[in-house]
Amino acid sequence: MVVVMSPQATDEDVARVVARVESVGGEAFVSKGVVRTIIGLVGDVESFHHLNLRALRGVADVHRISDPYKLVSRQHHPERSTVWVGQPGHQVPIGPDTVTFIAGPCAVESAQQTLEAALMAKSAGATILRGGAYKPRTSPYAFQGLGVAGLEILADVREATGMPVVTEVVDVRDVAVVAEHADMLQIGTRNAANFGLLQAVGEAGKPVLLKRGMTATIEEWLMAAEYVAQRGNLDVVLCERGIRTFEPATRNTLDISAVPVVQAASHLPIIVDPSHAAGRRDLVVPLSRAAIAVGADGVIVDVHPTPETALCDGPQALEGAELRELAQVVRRFPELVGRQQARTPVAVV
Ligand code: PEP
Ligand code: MN
C-alpha cells in the first residue's frame, strides 16, 4: 500500500500516518520528494484498511498495490484453472486448453421445447446444456420460469442427451433444490452483487457460472467471485455478457477486452455470452468468432426450436442457418488459437 501526502502536508501529518501504521504492527517507509511525500506501507493490508488513513490530515490518496481479491487472483496461483462440469466420468472441461460450447434455450418452457433445443445444441457441437428454470425478469409480469418443474425437465433432458446442465439460481431459498438437479449453478447479471446468494452457491458443492454484473467493473466482478471462493468453492467460471453503456444499437455492449484482462488478473476460466450481450441473433456468430479469437475459454448461446414463440429472449435465439454457421465457428476457430473444442463427455479417470 502507498500513501500519497498532499503538497501542503506537514512533518506532523507524516509522523501521524507513520505512528498509525506502526500501531498495528506495520512498517512505514517515508520518501520525501520535492513537492510531495510518499509513504510505502509493509504489513497486513486488511489491518491498514481499518486505520482509515485516507481521512487523516495531509493525506491526498491511498493506493493498493496487491489485488483486493486473493483466492481468485493469479498473483498467488499463476496456472490458469480448469473447471469440470458434470457427473464423475462424464465431465466437460472449461479451461485454458479447450473452447467449451454451451447452448440451450433461454428458458425451459416445456419438456418438448427443452429436448428439441438440447438436440439442436448437441448436433451443433455443444457439450453443456443451458436453460433457465428460474428467470430473473425485469418485469414482474413477464414469464418467471417453471421453477422445480423446469429443473425436473432439465434433469430428464440431461438423461436423454448426456449433456451436463447449467441453470440459474435467483434466490438463496432455491439453492439446494437447484444444486440437486443441475451440474452447474448460474448467477445472473442481476444477482452478481447479491452477496448472500454468492455465499450460498459457494457452499452448494457444484461449479458456479458467474455472470458479470451489468454495471460491474472487472474488480467488482472478481470480488463477487471471491465471495464464492471464500466459502470453499474455487470451481467458478466467469461469463462476460455485456455491460450497460450509452450505446442502444445492442442490448448491452460486449466488453471483449474483459477476456484478456480477466485472464491476466485471475486464474479462473472466462467464457462469453454473445446472445445476452447483443440481444440480436445476427450478431451472435460474429461475436462468437471474436470471443474465441481473443482467447475466451468458451461461449454460451441461446438456441430455440421456434424463436418466434419463445417466452423469453426470442430475438437472440439461434436456429437453422445461423446455428449451423456457429457450429462451424466453434469447430474451426479453437485451432487458430492453439486449442481444441471441448468434447462430451470426457471420461475422467
Ligand atoms: C440468462 O443467461 O438466461 C440470463 C438471464 O443472462 P444475464 O443474467 O446475463 O442477463
Ligand atoms: Mn435470456
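All of the numbers you see were taken from the coordinates with simple rules; none came from a lab. The structure presented is a predicted model; accordingly, all values stated were derived computationally and were not measured. Here the Cβ positions follow ideal geometry from the backbone for every residue, glycine too, while neighbour counts run over all protein chains shown.
The trypsin sites (Lys or Arg not before Pro) of the range 50-133 that meet both conditions, a loop assignment by DSSP and at most 15 other Cβ atoms within 10 Å of the site Cβ, are ARG57, ARG64, LYS70. Only beta bridges with both residues in the chain are counted; by DSSP, about 40 percent of them are antiparallel. Could you give log10 I(q)/I(0) at q = 0.27, 0.28 Å⁻¹ for the range 2-63, computed by the Debye formula over C-alpha point scatterers of equal weight, without solvent? Scattering profile of the range 2-63, log10 relative to I(0): -1.21, -1.30.
Evaluated over the chain, the count of Lys pairs having alpha-carbon atoms less than 24 Å apart is 7 (only pairs 8 or more residues apart or interchain). Packing, taken as the mean count of other beta carbons within 10 Å per residue, orders the peptides 255-266, 190-201, 5-16 from highest to lowest as 190-201, 255-266, 5-16. For the range 203-239 versus the range 151-186, the spacing of their alpha-carbon centroids is 18 Å.
Sorting the segments 18-27, 232-241 by their mean number of nearby beta carbons within 10 angstrom, highest to lowest, gives 232-241, 18-27. Remark: relative contact order (the chain) = 19 percent; criterion is Cα-Cα distance under 8 angstrom and separation of 6 or more residues. For the range 287-349, the set of trypsin sites (Lys or Arg not before Pro) satisfying both a DSSP loop assignment and a count of at most 13 other C-beta atoms within 10 Å is given as ARG343.
Its Cα gyration tensor gives the chain an equivalent ellipsoid; the semi-axes, largest first and in whole Å, are 43, 20, 19. Close amide-amide hydrogen proximity is noted between GLN186 and THR167, GLU168, VAL169, LEU209, each under 5 Å apart and 5 or more residues distant or on a separate chain (H modeled in the peptide plane; Pro and chain starts excluded).
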